[in-house]
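> Got a structure for you, written out below as structure tokens; questions coming shortly.
Readers should treat all values here as calculations from the given coordinates under stated rules, not as data from a laboratory. These numbers come from a predicted model, not from an experiment. Note that we place each Cβ from the backbone using ideal geometry, even for glycine, and neighbour counts take in every protein chain shown.
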Amino acid sequence: MQSVYTVESPSIEQAIEYSPLMVSPDTLLIDVIVMMNLGGGRAVKSGDNFDFSSCILVVDQTSLIGIFTLRDLVKLTGLGINLSQVKVSEVMTKPVISINLTKTKNALAALSVMCKYQIHHLPVVDKQGELVGLITQDKIRQIIEPSHLLKLRSVKEVMVTDVIHVLPNTSVLKLSQIMSDRHIGCVVIVEPQEKLLMPVGIFTEKDIIKAQLQRINVAETQVQTMMSKPVFSIRVNESLWQVNQLMKELGVRRLVVVGEQGEMQGLVTQTNLLEVIDPGEVIKVIQALEVKVEEQTEQLRKSKLQLEKEVVQRRSVEKSLLEAREKLELEVDKRTSELVQANLRLQKEIEENKKAQQKIREQAALIDFSTDAIFVRDLENHILFWSNGAEKLYGWTAEESVGKQAHKIFYRESLSQLEAGIKITLETGSWQGELQQITKTGQEIIVASRWTLVKDNFGQPESILVVNTDITEKKQLETQFYRAQRLESIGTLASGIAHDLNNVFAPMMMIAQLLPLRCKNADSRTREMFKILENSCQRGSNLVKQILTFASGKEGKNILFQPGVLLKEFVTVIQETFPKSITISTSIHSDDLWILEADPTQLEQILMNLAVNARDAMLNGGVLTINARNCIISDAYSRRNVDAHAGDYVAFTIADTGTGIPAHILDRIFDPFFTTKNTGEGTGLGLSTVLGIVKNHGGFVEVLSQVGKGTKFEVFLPRVEGKINHKTIEGELPRGNGNLILVIDDEAVIRQTTQETLEKYGYQTLVAKDGREAIAIYAQHHQEIEAVLLDMVMPNIDGLTTIGILKNYNSQVKVIATSGLPWQEKAIAAGAIKFISKPYSVTDLLTTVFDILGNW
């Protein structure tokens with residue numbers, strides 16, 4: 001998931017040291033070195049970074065004429081020159097690269113200059129050229145601390161792996177030459193140990209100062225006597241924010257990167273931290289945004305001019321039509337007068353003609369107010385008239401439509417369908433039917449089309465009047481209705497299947513748990529097979545529960561659970577079912593993921609919908625990546641995503657290398673019934689279901705896609721605090737004390753396994769195959785029976801009726817209702833104390849019975 005962060009740009013004044021070390025041109029170099037070592041007499045922290053100055057400015061009165069840096073000192077030391085009588089003006093760097101205070105406004109611009117010229121010190125002058133102060137990388141790093149950027153970047157991304165290192169017995173002169181030739185500020189001192197390089201010290205420009213001040217023989221002195229130690233180090237996977245904090249705490253500019261055994265792997269420096277903020281890229285982004293704004297402003301201006309032009313043209317057309325209508329009326333009046341004078345016998349006829357003309361004018365005025373699309377086309381399918389309703393429905397203006405062939409505008413309208421419609425219209429005078437068409441914006445619509453043949457004065461076919469009504473929404477509602485009916489039928493069938501499957505799984509699950517107790521001497525392979533059998537039964541039971549949830553249309557129950565376990569099981573399922581041409585890539589650390597409170601069934605549905613879409617996008621194979629991670633959403637990020645809130649989340653990633661989603665439909669993929677699949681291949685409800693479930697759980701979804709390269713969905717669900725309750729282990733299962741239990745079930749194998757389980761754990765049992773037999777047994781033994789285990793779906797007398805009859809014998813009867821269907825609410829309402837769903841485990845059965853008897 002991509003994120004955008006901004007960096008506050010500090011002013012240039014914040015980055016300036018207004019009292020840098022300065023000397024005159026005649027100052028001896030040895031005195032300059034002393035001043036640099038003491039840091040100009042200022043009270044500073046101890047350590048590599050703060051107890052000395054890294055440069056000194058050479059000024060003549062107030063004019064800057066040169067600069068002397070630690071790099072210059074390293075170079076001179078490497079040459080073996082005696083520095084005791086050398087003046088600073090003889091070895092200083094000139095001319096000096098500087099910036100003008102009046103032309104530079106922020107510290108990032110100064111950093112850009114330093115990066116461009118690869119310098120660590122940048123003098124600042126005023127418009128007269130006089131020295132104002134000095135900017136260093138140390139100072140910039142102090143004022144620019146983009147912690148949100150540094151936390152997202154690791155040492156591994158920026159560290160230098162090609163680290164210059166020497167053995168402890170290397171001479172100071174040789175080391176100075178290496179630093180000068182390589183233009184580096186430090187060398188790591190290492191000792192080989194079992195093919196690993198172990199850092200034992202570091203030699204920096206500061207140590208060069210010490211060597212010069214002590215006036216040692218650099219050619220004879222080994223670096224181990226002058227190097228800085230201990231070595232401050234950091235691990236490769238730490239964040240740059242930790243690097244920055246450690247540098248500030250220790251007062252150093254560089255840290256050695258070490259591995260698990262302390263071996264050297266690289267070096268991370270202050271410069272690496274500053275490289276995270278790329279001023280050039282920031283400027284490019286700002287310039288690109290400015291260009292985009294200018295382009296959009298120009299586009300708006302052109303659109304406004306075009307709109308004004310169209311308004312003028314429309315007014316001109318309306319004026320022309322009005323003038324034509326007025327001329328027509330005058331002509332009609334003139335002709336009427338002539339006809340009256342010529343033949344008085346035609347006066348009832350003339351009056352009727354006037355009324356007809358008036359009616360036509362009224363109808364013509366009403367056309368523009370109609371919501372239907374009304375247009376006229378000739379027999380060659382050229383459009384002759386185009387109403388306002390047609391403009392609103394199709395998006396094409398009258399100017400764009402009149403004169404064009406209709407099938408070229410509605411390019412979903414086939415020529416064969418057009419020819420058949422025209423044939424029927426010419427033969428019968430009219431035609432009507434439903435047509436699939438496409439608007440100017442590419443939107444697919446369905447219209448109810450009515451055609452009427454128009455004839456000329458001689459009774460010959462001249463054109464066809466078309467009235468189209470948009471029925472797209474109506475057809476979608478019909479489709480939803482039919483789909484709902486189909487789903488209801490499927491749900492009814494699923495309920496019956498689930499009931500039968502639960503009766504199959506119930507004895508299997510209990511037998512799977514009883515077998516290890518009966519076969520205590522079984523070998524490890526047999527015990528493993530027992531466990532596989534139990535897990536398979538549990539998995540089948542969970543599947544049946546999902547079918548029942550679908551069939552009943554009810555929401556599942558939210559529970560606390562560890563999502564990593566569910567995700568691994570899901571990956572196992574799709575590895576077994578997806579095509580082998582698709583590679584499943586995953587790295588799930590289930591124990592590290594935070595706890596969620598959600599419906600596991602609905603989470604599985606989210607993952608399955610996204611995985612199936614990814615599979616369908618990779619018809620020729622590819623890589624499906626499934627991962628999960630803990631994620632902290634900041635306030636800044638939540639302000640850029642209306643669905644996100646700051647806090648802790650578990651983020652699930654489903655990514656593919658398939659066809660990708662075109663940008664112009666990316667905003668519509670979560671719309672209900674929107675699909676790019678062919679008819680019969682998708683309902684258009686998958687992603688809308690995903691979004692609905694995620695929002696119901698307080699989460700949000702991010703999607704990134706590129707055509708031809710693939711799509712990545714990330715689902716964010718909020719973390720909760722809590723503790724997951726684990727089931728009672730087998731050794732802690734409660735036992736009865738000879739209590740008599742009546743077991744009622746129409747499935748013989750369930751009666752047998754339940755009876756055997758209860759008797760093995762200290763209970764006595766009576767069994768009945770239906771409600772009629774159960775009532776007879778209870779009537780005879782109701783004083784001894786302490787609890788009743790009752791199936792709700794039975795022949796003859798069902799569970800609800802049986803509960804009512806039993807309570808007539810004993811209003812305090814303790815009934816445990818059980819069923820493979822969602823009967824819990826009805827059973828409790830009828831008088832049952834507990835309800836357990838089939839198939840139930842030995843643990844569920846024994847703990848429920850023990851609890852209802854009040855033995856806890």
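> I need the Kirkwood Rh of region 728-787: take the reciprocal of the average 1/r across all distinct C-alpha pairs and report it in angstrom. Don't skip to the answer; put the middle values down first.
Numbers: mean 1/r = 0.0822 Å⁻¹.
Final number for the Kirkwood radius of region 728-787 is 12.2 Å.
> Quick check: residue separation of residue 302 and residue 408 times 0.36 nm, minus the Cα distance between them. What number comes out in nm?
Details: separation 106, 0.36 × 106 = 38.16 nm, distance 2.80 nm.
Result: 35.4 nm gained on full extension.
> Give me the dipole magnitude in Debye, nearest 20, for region 373-461 about the Cα centre, with unit charges on the beta carbon: positive for Lys and Arg, negative for Asp and Glu.
Numbers: 9 positive and 11 negative charges, 19 e Å.
Charge dipole of region 373-461: 100 debye, to the nearest 20.
> Further, regarding this structure: Expressed as a rounded percentage, what relative contact order does region 185-262 have, with Cα pairs under 8 Å and six or more residues apart? Intermediate results must be reported in sequence, preceding the final value.
Details: 81 pairs, mean separation 20.2, N = 78.
Result for region 185-262 is 26 percent.
> Restricted to Cα positions, what overall size does region 556-722 have along the principal axes? Three whole-Å values, descending.
44, 35, 29
> If you don't mind, there's one more thing I want to ask. Taking a spot 7 Å from the Cα of residue 79 along the direction of its beta carbon, which residues of region 170-200 have an amide N less than 18 Å from it?
Zone members listed by number: 173-184.
> Under 16 Å Cα to Cα from residue 116, which aspartates and glutamates show up? Leave out anything in the same chain fewer than 8 places away.
Result set, ordered by chain and number: 275, 278, 281.
> If you don't mind, there's one more thing I want to ask. What is region 733-852 by shape, rounded, prolate or oblate, if you read a ≥ b ≥ c off the alpha carbon gyration tensor as root eigenvalues and call it rounded for a/c under 1.5, prolate for a/b larger than b/c, and oblate otherwise? The partial results should precede the final answer.
Working: a/c = 1.36, a/b = 1.17, b/c = 1.16.
Note, shape of region 733-852 comes out rounded.
> Another question, if that's okay. With a ≥ b ≥ c taken as the square roots of the eigenvalues of the C-alpha gyration tensor of region 94-173, please select rounded if a/c is under 1.5 and otherwise prolate if a/b is larger than b/c or oblate if it is not?
oblate
> With only alpha-carbon atoms in the gyration tensor, what are the semi-axes of the equivalent ellipsoid for region 12-144, in Å, largest first? Don't skip to the answer; put the middle values down first.
On the way: eigenvalues 116, 59, 38 Å².
Each semi-axis is the square root of five times an eigenvalue, giving 24, 17, 14 Å.
> Please report, in debye to the nearest 20, how large the charge dipole of region 556-722 is about its Cα centre when each Lys and Arg carries +1 at its beta carbon and each Asp and Glu carries -1 there. Let's see the in-between values first.
Values: 13 positive and 18 negative charges, 78 e Å.
Charge dipole, region 556-722, about its Cα centre: 380 debye, nearest 20.
> Under a plain spin-label model, where a point goes 7 Å from the Cα along Cα-to-Cβ, how far apart in nm are residue 322 and residue 671?
Distance between label points: 3.9 nm.
> What order do you get for 631-638, 299-306, 828-835, 175-182 when each peptide is scored by the mean count of other beta carbon atoms within 10 Å, highest first? Write out the running numbers ahead of the final one.
Numbers: 631-638: 14.4, 299-306: 10.0, 828-835: 16.9, 175-182: 19.6.
Put in order of decreasing packing, that is 175-182, 828-835, 631-638, 299-306.
> Once both labels are modelled 7 Å past Cα along the beta-carbon direction, what's the residue 559-residue 427 spacing in nm?
Inter-label distance under the simple model: 6.7 nm.
> Shifting gears a bit: Using Cα pairs under 8 angstrom and six or more residues apart, how large is the relative contact order of region 567-679, in percent?
27 percent
> Here's another thing I want to ask about it. Sorted by mean Cβ packing within 10 Å, highest first, what order do the peptides 196-204, 387-395 take? Show your work: numbers first, answer last.
Values: 196-204: 20.6, 387-395: 18.9.
Result, highest mean Cβ count within 10 Å first: 196-204, 387-395.
> Here's something else I'd like to know. In this model, which of 302/404; 408/474; 392/423; 580/712; 156/723; 75/210 are farther than 24 Å apart at the alpha-carbon? Write down the numbers at each step before the final one.
On the way: 302/404 26 Å; 408/474 26 Å; 392/423 29 Å; 580/712 21 Å; 156/723 36 Å; 75/210 15 Å.
From the list (302/404; 408/474; 392/423; 580/712; 156/723; 75/210), the Cα-Cα distance tops 24 Å for 302/404; 408/474; 392/423; 156/723.
> Follow-up. Sticking with the crude label model, points 7 Å out along Cα→Cβ, report the distance from residue 616 to residue 580 in nm, one decimal please.
So the label points at residue 616 and residue 580 sit 2.6 nm apart.
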